[in-house]
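Trainee: Attaching a single structure in structure tokens format; questions to follow.
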Amino acid sequence: MNIDKLRNDFPVLRDNPKLAYLDNAAMALKPDCVIQAVDNYYSKLGVNVHRGVYKLSYEATDLYEEARDIIAKFINASFEEVVFTRGASSSLNLVALSYGLSFLKEGDEIITSELEHHSSHMPWMNVAKLTGAKVVYVPLNDEGRITIQAFKSVLSNKTKVVALNYVSNVMGYITPIEEIIKLSHEVGAIVSVDGAQAVPHMKIDVKKLDCDFLSFSGHKLCGPTGIGVLYGKKELLDKMPPIEFGGDMADTVKKDEMTFKATPYKFETGTPIIAGAIGLAKACQYLDSIGLDNISKYEKMLKDEAVKKLKLIKGVKIYNPNAETGIISFNIDGVHPHDAASVFDNEDVCIRAGHHCAQLITSWLGTIGTVRASFYFYNTLEDVDKLVKGVSDAVDFFNMF
Ligand code: C6P
């Protein structure tokens, strides 16, 4: 990868050459090609899809549906298995509200974990409350990981749903999801994978994984905000009811009867996220042109280098030194994560601090939150050094008091 060339694709990096943007787990920056694809739709078309009986609308419809096809191929899914949503949170909620409320009953069990983002486990807490099903947590090992052995200890014939992330947004661990999916299917459970932190960073093949659902957001993979994907196996999506009703998803509507369009359209109510889908498809093509395998290896190298240097600073506690991805969670002894993060901001280092919408894992770690640096392919070893200097300066600054 030619990092300098890639960095030049990003207007924010061109305009702020000193910036060390290390908040990629929250959102990735946008390259020119994505911005242009969105701009092109608005400036050359700017009309609705699926409705207009005129050329501009046909063209917009073609672009929108082509985007679905590109995104489907990006994860090796079929066209009808890609539902556009507002983001990973909406996708994860759609699975729980549609599949969960339709097929779960009292006594059934839902396996999740303390490593989850709120959007992964809270929808199932809600389903459990409404159906009488029970939420069961995989015990984490000493490092805070989900292991196969621990997963087997909670898996049973009562398990009907497994809802786990592929990569944790706080610890950056890769869940052994392929094996978990195999074991879950053996007891007849379906698996909903939260891919928000995985799809932007590693090559995903839903057929190989054999997951039942996979949720992700466009904005974390260089795409626009407001667009996400729910991948679902067609046979499951076909038997699930819509959770929103209205324009575009309806087939026939009478006073006492309504029918819906086929999958995926029955889940896409109202005017779709047209520009978002077009921009996301461009982002997928852009990432494919760089190579997801190159991206994962490079981020891991940056993270390892940062961990090596941060370990030398006294008073810094790293919670996940052995993570396989580009996420580091740490704290400075005696310093609130938000206070630490404000020092970094003065040095043009953008990082996130807090519980990262994953309070179960920060409680498990015995802290109110962490400082988190997260890398992407456009980061550099200089960014690592800026992070390390920021941490070192923060330690010195807070030691003065
Ligand atoms: N995590 C972070 O800074 P949305 O907000 O819907 O695009 O994505 C939700 C979500 C779901 N699962 C995981 C594993 C995530 O990391 C996120 C978003 C951001 O960590 C914002 S809290």
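Trainee: At 7 Å along the Cα-to-beta-carbon direction for both N141 and E324, put a label point, then send me their distance in nm to one decimal.
Mentor: 1.2 nm
Trainee: Within segment 103-125, whose backbone N sits under 18 Å from a point 7 Å along Cα→Cβ of Q359?
Mentor: 113-125
Trainee: Counting just the Cα atoms, what span does segment 20-70 cover along each of its three principal axes? Round to the nearest Å and put the largest first.
Mentor: Principal extents (largest minus smallest coordinate, Cα): 48, 22, 14 Å.
Trainee: For segment 257-312 and segment 75-150, what is the separation of their C-alpha centers, rounded to whole Å?
Mentor: 20 Å
Trainee: Per DSSP H run of at least 4 residues, take -39500 (n - 2.57); add these up for the chain, divide by its residues and hand me the 222 nm value, nearest 500 deg cm²/dmol.
Mentor: Value at 222 nm, helices only, nearest 500: -12000 deg cm²/dmol.
Trainee: Now, a different point. Setting aside same-chain residues fewer than 8 positions from K386, which aspartates and glutamates have a Cα under 13 Å from its Cα?
Mentor: Correct list for K386: E305, D345, E347, D348.
Trainee: Considering only the other residues whose Cβ falls under 14 Å of the Cβ of N48, what net charge follows from Lys and Arg at +1 and Asp and Glu at -1?
Mentor: -3
Trainee: Search the structure for amide H atoms under 5 Å from the amide H of N24, placed 1.01 Å from N in the peptide plane, and list their residues when 5 or more places away or on another chain.
Mentor: Placed amide hydrogens put S374 under 5 Å from N24.
Trainee: Need the full-extension length gain, K297 to H118, defined as separation in residues times 0.36 nm minus the C-alpha distance. One decimal, nm.
Mentor: 61.6 nm
Trainee: For segment 241-318, place one equal point scatterer on every Cα, skip the solvent, and apply the Debye formula. What is log10 of I(q)/I(0) at q = 0.11, 0.17, 0.22 Å⁻¹?
Mentor: Debye output, listed in q order: -0.61, -0.80, -0.98.
Trainee: Could you order the peptides 52-60, 151-159, 83-91, 163-171 from most to least packed, using the average number of other C-beta atoms within 10 Å per residue?
Mentor: Answer by packing, highest mean first, reads 163-171, 83-91, 151-159, 52-60.
Trainee: Now, a different point. Considering only the other residues whose Cβ falls under 15 Å of the Cβ of D293, what net charge follows from Lys and Arg at +1 and Asp and Glu at -1? Spell out each step's value before the answer.
Mentor: Numbers: positive: K203, K208, K297, K300; negative: D205, D288, E299, E324.
My count for the surroundings of D293 gives 0.
Trainee: A further question on this structure: Based on the alpha-carbon gyration tensor of the chain, what equivalent-ellipsoid semi-axes (square roots of 5 times the eigenvalues) come out, in whole Å, largest first?
Mentor: Its equivalent ellipsoid spans semi-axes of 36, 29, 17 Å.
Trainee: Please compute the net charge surrounding K261, taking Lys and Arg as +1 and Asp and Glu as -1 over other residues with Cβ under 10 Å from its Cβ.
Mentor: -2
Trainee: Something else about it: Please compute the alpha carbon radius of gyration of segment 275-381, then divide it by the globular-protein estimate 2.2 N^0.38 Å. Two decimals is fine.
Mentor: Relative to the 2.2 N^0.38 Å estimate, segment 275-381 comes out at 1.22.
Trainee: Percent of Cα-Cα pairs more than 18 Å apart in segment 100-252, please.
Mentor: Value for segment 100-252: 59 percent of Cα pairs lie more than 18 Å apart.
Trainee: While we're here: List the equivalent ellipsoid semi-axes of segment 1-134 in whole Å, largest first, each obtained as the square root of 5λ for an eigenvalue λ of the Cα gyration tensor.
Mentor: Working through the eigenvalues yields semi-axes of 36, 26, 12 Å.
Trainee: Something else: Starting from the exponent 0.38 and prefactor 2.2 Å, build the expected Rg for segment 68-181 from its residue count and divide its actual Cα Rg by it.
Mentor: Taking N as the residue count of segment 68-181, the ratio is 1.11.
Trainee: Which distance in nm do the two modelled labels at E80 and T252 give, with both placed 7 Å along the Cα-to-Cβ direction?
Mentor: In this crude label model, E80 to T252 measures out at 1.9 nm.
Trainee: Fully extended, how many nm does the chain gain between D304 and K5 (0.36 nm per residue separation, minus their Cα-Cα distance)?
Mentor: Values: separation 299, 0.36 × 299 = 107.64 nm, distance 2.32 nm.
Here the segment from D304 to K5 would lengthen by 105.3 nm.
Trainee: Can you give the relative contact order of the chain as a percent, counting alpha carbon pairs under 8 Å and 6+ residues apart?
Mentor: The value is 22 percent.
A short reminder: the numbers here are calculations on the coordinates, not readings from a lab. Since the model is a prediction, treat every value here as computed from it, not as a measurement. Don't worry about glycine lacking a Cβ; one is built from the backbone with ideal geometry, like all the others, and counts go over all protein chains shown.
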